[in-house]
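The values are calculated or read from the model by the stated rules, or taken from the named source; none is laboratory data. What you see is a predicted model, and the numbers here were worked out from it, not measured in a lab. Note that we place each Cβ from the backbone using ideal geometry, even for glycine, and neighbour counts take in every protein chain shown. What goes into the accessible areas is simple: the full protein's heavy atoms, side chains included, and nothing from ligands, DNA or RNA. Shrake-Rupley method; radii C 1.70, N 1.55, O 1.52, S 1.80 Å.
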Amino acid sequence: MEQHPKFVDFKGYRFRLSGSYYRKNCWTQPGPSNLHRAIWQDANGPIPDGFEVHHVDGNTFNNDLSNLTVMDAKEHQRLDTLRKWREGKLSPPNALARKLAAE
């Protein structure tokens, strides 16, 4: 298993490893909530409402600017769901879920 540093400092902010993301170390401090958002915003400005920062290669630890893009939040969720399903991390919807979704 690949080891990742517990903390990453970027532009005066400290982010701590939490699951598969680097999140703001102190929630009361101003600034972006996640390291990948901070990196994207530093280079491109504010993230538009309704958009999220996406890791192009699916690796949430690869926060290189070339691996980050913004996309519509619904499209981002759809792509992540499909990736998790392909990786076997998500079961396909059962009959009840398909019925409720159709309604």
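Structure summary
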| quantity | calculated |
| --- | --- |
| Per residue accessible area in Å² of segment 1-91, where ligands, DNA and RNA are left out and the probe is 1.4 Å | 67 |
| Nonlocal amide H pairs with residue 69, under 5 Å, H built at 1.01 Å | 54, 56 |
| Residue among 28, 69, 60 with the largest mean-square fluctuation in a Gaussian network model of the chain, springs linking Cα atoms under 10 Å | 28 |
| The chain - mean residue ellipticity at 222 nm from DSSP helices (-39,500 (n - 2.57) per run, n ≥ 4, rounded to 500) | -9500 deg cm²/dmol |
| With 5 Å bins from 0: P(r) over the chain, alpha-carbon pairs, percent | 2, 11, 18, 20, 19, 12, 8, 6, 3, 1 |
| GNM result for the chain, Cα springs below 10 Å: residue of 90, 17, 79 fluctuating most strongly | 90 |
| Protein accessible area in the chain, 1.4 Å probe - carbon and sulfur % | 53 |
| Nearest-20 debye value, the chain charge dipole, Cβ charges on Lys, Arg, Asp, Glu | 400 |
| Gaussian network model of the chain, Cα within-10 Å springs - most flexible of 33, 20, 91 | 91 |
| In order through segment 59-67: 3J(HN,Hα) via Karplus (6.51 cos²θ - 1.76 cosθ + 1.60), integer Hz, x for Gly, Pro | 8, 6, 8, 8, 9, 5, 3, 5, 9 |
